[in-house]
1. How many residues are in contact with a helix residue (DSSP H, G or I) (Cβ under 9 Å, 6 or more places away or on another chain) and not in a loop (DSSP other than H, G, I, E, B) if we restrict to the range 251-283?
2. Name, by its number, the condition in (1) at pLDDT 90 or above; (2) surrounded by 21 or more Cβ atoms within 10 Å (Cβ to Cβ); (3) over 18 Å from the mean Cα position of the chain (by Cα) that does not hold for residue 343.
3. Quick check on the range 131-151: of everything there that is more than 18 Å from the chain's Cα centre (by Cα) and either without any contact (Cβ under 8 Å) to a residue 60 or more places away in the chain or in a strand (DSSP E or B) (or both), which residue is nearest to residue 243 (Cα to Cα)?
4. How many residues does the range 208-226 contain that are under 15 Å from residue 283 (Cα atoms) and over 23 Å from the mean Cα position of the chain (by Cα)?
5. Please go through the range 116-148 and give me each residue that is exposed (fewer than 15 other Cβ atoms within 10 Å of the Cβ) and more than 22 Å from residue 384 (Cβ to Cβ), ordered by number.
6. Does the range 356-385 hold any residues that are in contact with a strand residue (DSSP E or B) (Cβ under 9 Å, 6 or more places away or on another chain), more than 22 Å from residue 114 (Cβ to Cβ) and surrounded by fewer than 16 Cβ atoms within 10 Å (Cβ to Cβ), and which are they?
7. What number of residues within the range 208-233 are farther than 15 Å from residue 292 by Cα and in a helix (DSSP H, G or I)?
8. For residues that are in contact with a helix residue (DSSP H, G or I) (Cβ under 6 Å, 6 or more places away or on another chain) and either within 15 Å of residue 106 (Cα to Cα) or surrounded by 20 or more Cβ atoms within 10 Å (Cβ to Cβ) (or both), scanning just the range 315-326, find the one that is modelled with the highest pLDDT.
């Protein structure tokens, strides 16, 4: 089996000089990653798997969207209407009500899983606000809930997951530097991680999302699992210039001259996802592939639960459809390394700005709930954090 990255030379004859060879390889890799940043939407809206790749999505979408013209609302709505997903809550209610009741009972135990917009208070400081976002181009989730836009305008400081993600050059430089975390450099290719009977299906899923197979087969399983979880309609919307709410917030903060703070670096984010055992990522790849058309339904369900503020139901619901990934080996490490650790880091870094008050913080919605979520962790820092009840309709 061929190895990477030598493959990327294709049929081009390599210069004899070692330094020149390395320069050529780096140039080809830069082109490969640039194409990835332009074309691959990296998100799996699958319970806590949303958090698993939401930050990656913000890197790729935000970086490429900066150079794009934002389409009209009408065009976006037409694009999203091409999605064919079904709400899985309704499906379970119809087909397996007992399983739905189990998921709802589990969701009821999730702390702070019933809101996406929160007020943060501490004596002596003006209130700050925390908004959970969803990384989708759907117009339903790229607008803020009632009252949030006003709080953003009043804020002097805006806090997002990654400021680097808004700078295409910085994002690309990080991807090149950390190629060992995104590429398979151990002599294997992607098809080694899925059953032989599924290779053609995987190839089709990748190429349908405008990513050449000869590039995809050298990518880490987590990267491809995330990519194929994106409905094709979302891919097309992004390629036509649609942006996610995080990008809109970051860009507007820059335009208005607000202090803009990033809670993580690109390098920290990539290292976090790479630290999770590969077996978890491989399971995610297999089960995402098996979901097939159901991926559209996963996305639609995630949107609708988000609009309801019901983030606590996401993981219990999706676990019913992908039990091997979200209950199996490697999941505990995933929860600790990629969820809990990152939440603690974000809470610690945000606290110094929230102490001063008048800040607006926006991060992926699934960073908020749970005993290790940002809401609970900010309370541990001495803040009073209460939900702001408002409709997104």
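The values are calculated or read from the model by the stated rules, or taken from the named source; none is laboratory data. All values reported here derive from a predicted model rather than from experimental measurement. Please note: Cβ atoms are built from the backbone with ideal geometry, for glycine as well, and neighbour counts cover all protein chains shown.
1. 22
2. Answer for residue 343: the failing condition is (3).
3. Among those residues, the one meeting the criterion is 149.
4. The qualifying residues number 0.
5. 143
6. The answer is 356, and nothing else.
7. Number of matching residues: 7.
8. Per the criteria, the residue is 316.
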